[in-house]
Amino acid sequence: MLRRLESTTVSVKEGREAGESPSRQASQEFDDDEDDDVYDEQEEVETGKVAWNVYLTYFKSMGLRNAFLGLLLILVSGGFSLAYSIWLSLWTGDEVFVNNSTESVKQAAMEKYLGGMSALGVGDISAVLCFTLAAAYCFCEASSNLHRTLLSNILRAKSSFFDVKPLGMILNRFSKDIDVVDTGVGWSVVYLAWTIIALLTSIGGILYATPFFVIAIIPISALYLYIQRFYICTARQLRRLSSKASSPIYAHFSETLHGCQTIRAYKHQERFIEDNRDKIEKFNVYRYFDDSSDNWLDVRMTATGGLLVFLAATFCVVSTQIPYLKSHLTSSLVGLALTLVFDITNVLNGMVWTISNVETNIVSVERIKEYSEIEREADWTTDNKPSRQWPSSGVIEFSKYATRYRPELDLVIKDFNLEIHSKEKIGIVGRTGAGKSSLTLALFRMIESAKGCIKIDGVDISTLGLHDLRCRLTILPQDPVLFSGSFRDNLDPFSSYTDSQLWEVLSQCQLKEYVSNQPGQLTAECGEGGKNLSVGQRQLICLARALLRKTKILIMDEATAAVDLKTDDVIQKTIRSEFADCTILTIAHRLNTIMDCDRILVMSKGTIAEFDSPKSLLDNKESIFYGMAKDAGLVE
Ligand SMILES: Nc1ncnc2c1ncn2[C@@H]1O[C@H](COP(=O)(O)OP(=O)(O)OP(=O)(O)O)[C@@H](O)[C@H]1O
Ligand SMILES: [Mg+2]
């Protein structure tokens, strides 16, 4: 056990010396702070003192019963190690081997001790084996549970969360932090537990041999604790500084690579090499102190270890002068005590490294925990289930409705009172930032009401579950969203339609010819985010998806802005005919596409500026809509 522990200690130390944990931390911080002060501040908070409930979260995620079982197996293994050492000392101290005992007595004693050793060896190996299996299971369990909670929370996070958190930071939780939880946290906690148990068994062994040693143990433990605390908070800060200083090196290097041609063209190589040197120099300053702090620790640990050995040897000598202890103390016990005290030096050194390793790694659990507790959207489903046909008529009513993106921001839609009739086609216009897209988001409850309500077919949508609401509406957003996969996957992700239905909608969207010319046709790949297609084609794919779903309410947010005029015209006609019995809200830049709508909603600064039929609005030469139509050259 002790040998195993030594190798553990060494490997932890080597990892540390090779910069394993700092580099991990460095990369975490590099990715997150990215030359941005906001990132910096957030990282500062996150890498501060880790609260105990973070450890509890980790153990809970592996299951408290599993964690307890694992701990028990470590204790059993530790117990075997101690028993092993004591058995050895009993063996070497047995008088049978020094007295003039008969050969048969010696043989019997030898068999007894060998048998005992074998039994203890088998027990130790079995405990370690069981423990390793249990640990592997617990770590997988903890990791997958933490990942699951994180994923489900991020997927259900409020949209404002994504507005304020940079994407890189979120991805970091799923990549680096999960990686550390997968491979680092569990074992570093185990190493710590092993170290503690090894320490306790060593102290137990020494106390058994020389009870006097207790006088030395207390002050020396306090000294170790002091050195350890002093080192960890200094080293943590130094590591943070050195990892931060490494960020500009990475950033400068990647910028230089990207701008290589420009740098060469303007003959600025020297300047960039000099800049690079400066940044490395700055990094080295922190790195030097970081390494020096390790050496500082080494010196103190070795000196304290030496003091321990000296005291243990002294106590053994002193014990020989005390009659009661003298009778108890044998040469084998002295041997045991000195062996253990040598080990204890390694164990205590290892403990400092493992504690700092645990502290570094557990930060990842803290970061995952933080994102697992973010505010979630409303419930996916509620008791108030809409009927299967809802919304059968497609009447939309806004009453005194107001909304904002985040509580601290201003209202983006104010005092909205509006009724859209069944099957009505509404054109929505307004200047950039007027709140048109926000209105569509409000219908899907991507942003929640601050005041008033929206009713669809008489049902207040705030009482519905989000899934029940969102699957009954269709939106063609301003930015077309496609996933990597085939045309088929993108059109019909749940495989609910036949090929002929897919070809039908593709034909309505003027895409049939394009798709049929692709190798593999419907199974041809669209590329990551649909990058094999032009923006206009992506919009058409989204439109085809909407035509397939064909819900009673369709919302189009400049859905054909990137499509040429002729195609746009054909598509608008298709939509008018295919969705003739549906309510359609069309946000448009090109006024000609909404001229045939039943009514036009002109928005201004989040309010309704005008709402009437296109004809009435155009008749009124003072209207905003008339002005817009005039600018677009649609009226004289
Ligand atoms: N995610 C967001 N967080 C905070 N404020 C936002 C967010 N998105 C939009 N806004 C604000 O809401 C207001 C309305 O924006 P919205 O996107 O609804 O305008 P729009 O009418 O669709 O404009 P455009 O014609 O340019 O698409 C703007 O003042 C904008 O700054
Ligand atoms: Mg918009």
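Read phi for every residue in region 359-372 and hand back ³J(HN,Hα) as whole Hz from Karplus 6.51 cos²θ - 1.76 cosθ + 1.60, θ = phi - 60°, with x for Gly and Pro.
4, 5, 6, 5, 4, 5, 5, 4, 5, 5, 4, 4, 7, 8
Beyond 34 Å, what share of the Cα-Cα pairs of the chain is found? Please give it as a whole percent.
Details: 127260 of 201930 pairs.
Cα-Cα pairs of the chain separated by over 34 Å account for 63 percent.
Nearest 10 degrees, 0 to 90: what angle lies between the long axis of helix 52-62 and the longest principal axis of the chain (Cα atoms)?
Helix 52-62 sits roughly 80 degrees off the main axis of the chain.
Would you please give the FRET efficiency between E111 and F342, computed as 1/(1 + (r/R0)^6) with r the Cβ-Cβ distance and R0 = 30 Å, to the nearest 0.05?
For R0 = 30 Å, the calculated efficiency reads 0.45.
Calculate how steeply helix 186-209 sits against the longest principal axis of the alpha-carbon atoms of the chain, using the helix alpha-carbon long axis, and give the answer as 0 to 90 degrees to the nearest 10.
The answer is roughly 20 degrees.
For helix 499-508, what angle does its Cα long axis make with the longest principal axis of the chain, in degrees from 0 to 90 and rounded to 10?
50 degrees
Describe numerically, in nm with one decimal, the distance between label points set 7 Å from Cα along Cα→Cβ at S104 and at F310.
Reported label-point gap for S104 and F310 is 5.4 nm.
Which residues' amide hydrogens lie under 5 Å from the amide hydrogen of A609, considering only partners 5 or more residues apart or on another chain, with H built in the peptide plane?
V602, M603, S604
Based solely on its DSSP helices, what 222 nm [θ] is calculated for the chain when runs of n ≥ 4 H residues each add -39,500 (n - 2.57) and the sum is averaged over all residues, nearest 500 deg cm²/dmol?
-21000 deg cm²/dmol
Give me the net charge of K621's neighbourhood, meaning all other residues with Cβ under 15 Å from the Cβ of K621; Lys, Arg count +1, Asp, Glu -1.
With Lys, Arg at +1 and Asp, Glu at -1, the neighbours total -4.
How long is the gain from E408 to D291 if the chain were fully straight, where each residue apart is worth 0.36 nm and the alpha carbon distance is subtracted? Working shown, then result.
Details: separation 117, 0.36 × 117 = 42.12 nm, distance 4.55 nm.
Extra length from E408 to D291 when fully extended: 37.6 nm.
Can you work out the accessible area per residue across the chain, with the rest of the protein chains kept in place, probe 1.4 Å, in square angstrom? Write down the numbers at each step before the final one.
On the way: 31900 Å² over 636 residues.
Computed with neighbouring chains in place, this is 50 Å² per residue.
Count the net charge of all other residues whose Cβ sits under 12 Å from the Cβ of D94, scoring Lys and Arg as +1 and Asp and Glu as -1.
Details: positive: K106, K112; negative: E95.
Counting the neighbours of D94, the net charge comes to +1.
If packing is taken as the average count of other Cβ atoms within 10 Å, what order do 89-102, 51-64 fall into, highest mean first?
51-64, 89-102
With label points built 7 Å along Cα→Cβ from the Cα atoms of R264 and L634, find their separation and express it in nm.
Inter-label distance under the simple model: 5.3 nm.
What relative contact order, as a whole-number percentage, does the chain give when Cα pairs under 8 Å and 6 or more residues apart are counted? Can you show the working numbers first?
Details: 845 pairs, mean separation 97.2, N = 636.
Averaging sequence separation for qualifying contacts and normalising by length gives 15 percent for the chain.
Among DSSP beta bridges whose residues both lie in the chain, state the antiparallel percentage, nearest 5.
55 percent
Mind checking region 220-316 for chymotrypsin sites (Phe, Trp or Tyr not before Pro) that DSSP puts in a loop (not H, G, I, E or B) and that have at most 15 other Cβ atoms within 10 Å?
The qualifying sites are Y266.
Identify all lysines with a Cα-Cα distance to K552 below 22 Å; exclude those on the same chain that are fewer than 8 residues away in sequence.
By straight Cα distance, K552 reaches K385, K423, K425, K436, K455, K573.
Which lysines have a Cα less than 16 Å from the Cα of K621, not counting those fewer than 8 places away in the same chain?
Leaving aside lysines fewer than 8 places away in the same chain, those within reach of K621 are K630.
The values are calculated or read from the model by the stated rules, or taken from the named source; none is laboratory data. Just so it is clear, the model here is predicted, and its values are computed rather than measured. As a convention, Cβ positions derive from the backbone with ideal geometry for all residues, glycine included, and neighbour counts pool all protein chains shown. Remember, those area values only see protein heavy atoms, side chains included, never the ligands or the DNA or RNA. Shrake-Rupley method; radii C 1.70, N 1.55, O 1.52, S 1.80 Å.
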